[in-house]
Amino acid sequence: MKIHEYQAKQILASYGVPTLRNTVVTTADEAEAAARDLGGGLVVVKAQVHAGGRGKGGGVKLAHSPEEARQVADEILGMQLVTHQTGPEGVLVRMVMVEEGCKIARELYAGIALDRAQGMPVLMACAEGGVEIEEIAARDPDAIKKAAFDPDRGLRPFQATALAFELGLEGNTVRKAAAMFVALAKAYVEKDASLAEINPMVITEDGDVIALDAKIDFDDNGLYRNKDVAAMADASEEDPLEARAKALDLAYIALDGEVGCMVNGAGLAMSTMDVIQVHGGSPANFLDVGGGATLEKVTEAFRIILEDPKVKAILVNIFGGIMRCDVIAEGVVAAARDLGLSVPLVVRLEGTNVEQGRKILAESGIALTVASDMTDAAKKVVAAAKGN
């Protein structure tokens with residue numbers, strides 16, 4: 001689950017991370033009023049969307065007066081913001097954050113993610129901030145300073161202090177930066193985050209350490225014990241099809257390809273996507289209906305695939321263990337009849353009740369192509385998507 005920058009700052013502030021005063025607004029008039037409330041001087045107007053790279057896309061602008069804040073907010077609100085994370089279609093900006101300015105002496109980076117090789121979260125820090133950390137890592141891997149920590153014990157103060165020194169900080173700023181690192185790590189663990197970033201983490205001319213930007217993504221599996229985080233979900237930022245799938249507890253992620261996929265099991269779903277790619281196609285989605293899906297879930301899953309306008313062909317690839325092939329077949333038939341199957345359909349069924357499943361499909365009157373194995377299925381669905 002993703003949240004907006006202002007929400008991430010609220011969470012970090014609750015853990016003692018210093019942030020600047022800000023207000024979230026939805027109109028240009030409100031932006032002007034917010035700038036006045038913040039002192040009438042320099043403010044930053046930031047688009048609040050679930051995507052990075054907002055500055056490069058024109059979604060972050062400075063304003064030196066309330067009147068200018070109104071002008072730039074009017075430019076940003078309602079724009080279709082395009083960044084490297086949104087794709088060419090962009091995302092609609094519905095609200096902006098108006099935040100007070102500060103005098104920046106240095107910009108740093110701090111972020112935490114899970115290192116699966118070590119089996120522990122790792123705090124990463126860099127003396128360069130305000131830029132894409134991936135660019136720095138590719139250009140100069142040694143510039144990224146790291147400290148792995150036990151989530152049960154948290155980031156230890158000595159680790160945080162050592163990182164601050166490695167970044168070239170001095171004096172009282174070391175203590176302030178170390179305190180921010182520890183607080184960030186605590187928030188990451190306690191809120192079940194999958195990613196927590198402060199970029200940039202700035203040192204002001206007065207020597208203060210402030211989170212000038214913040215991003216936190218969360219593990220959906222931990223939301224049940226973080227109701228406050230779950231309440232921050234913004235449905236308007238979610239793909240409508242993904243939102244429908246989530247409500248049904250279906251694992252669905254929309255992609256940019258042309259081959260719709262319905263598969264049971266995450267591993268088989270990934271393999272199916274790979275083999276489609278190998279044979280010249282591109283998957284339109286990841287969709288795992290799971291091992292215990294009901295007829296209703298399977299039917300709705302097929303509807304979701306059919307409603308994606310990018311889909312030019314569909315591959316149903318089921319290896320029935322707990323999931324029965326006849327249930328999948330019934331769901332496919334129900335959805336195809338209800339919505340009208342307008343694209344080629346390739347089906348590969350194996351496992352539990354496979355003969356019953358094949359019989360249901362054969363007697364349905366639906367035009368489809370049967371595949372003998374995954375390679376055969378991939379070749380046939382890619383050819384169908386290309387109109388061959």
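The values are calculated or read from the model by the stated rules, or taken from the named source; none is laboratory data. This is a predicted model, so every value here is computed, not measured. Here Cβ is always computed from backbone atoms with ideal geometry, including for glycine, and neighbour counts include all displayed protein chains.
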Worksheet item: Going through segment 195-237 one residue at a time, which ones are in contact with a helix residue (DSSP H, G or I) (Cβ under 8 Å, 6 or more places away or on another chain), of a type in the set (D, E, K, R) and part of a loop (DSSP other than H, G, I, E, B)?
Response: ASP208, ASP213
Practice prompt. Answer yes or no as to whether ALA105 is touching a residue at least 60 places away in the same chain (Cβ under 8 Å) and within 22 Å of LEU184 (Cβ to Cβ).
Written response: yes
Discussion item. Tally up the residues in segment 271-307 that are touching a residue at least 12 places away in the same chain (Cβ under 8 Å) and either of a type in the set (Gly, Ala, Ser) or under 16 Å from ARG348 (Cβ atoms) (or both), please.
Written reply: 23
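Can you confirm whether ILE328 is over 22 Å from ILE366 (Cβ atoms), at pLDDT below 90 and either among the hydrophobic types (A, V, I, L, M, F, W, C) or touching a Pro at 6+ places or on another chain (Cβ under 7 Å) (or both)?
no
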Worksheet entry | Residue count for segment 238-273, restricted to those that are among the small types (Gly, Ala, Ser) and either touching a strand residue (DSSP E or B) at 6+ places or on another chain (Cβ under 7 Å) or part of a loop (DSSP other than H, G, I, E, B) (or both) | 8
Practice prompt. State which residue pairs qualify: first residue farther than 18 Å from ALA113 by Cβ and touching a residue at least 24 places away in the same chain (Cβ under 8 Å) and inside segment 145-172, second residue of a type in the set (A, V, I, L, M) and in a loop (DSSP other than H, G, I, E, B) in any location, beta carbons under 8 Å apart, and separation of 6 or more residues or different chains.
Written response: LEU167/ALA127; GLY168/ALA127
Worksheet item: Within segment 32-39, is even one residue within 28 Å of the chain's Cα centre (by Cα) and either of a type in the set (Ser, Thr, Tyr) or modelled with pLDDT under 95 (or both)?
Response: no
Discussion item. What's the total number of residues in segment 331-373 that are basic (Lys, Arg) and under 12 Å from PHE302 (Cβ atoms)?
Written reply: 1
Discussion item. Can you find, within segment 5-25, the residue that is surrounded by the most Cβ atoms within 10 Å (Cβ to Cβ) among those that are touching a helix residue (DSSP H, G or I) at 6+ places or on another chain (Cβ under 8 Å) and closer than 22 Å to ALA69 by Cα?
Written reply: VAL25
Worksheet entry | Those residues of segment 143-183 which are among the small types (Gly, Ala, Ser) and in a loop (DSSP other than H, G, I, E, B), in sequence order | GLY154, GLY168, GLY171
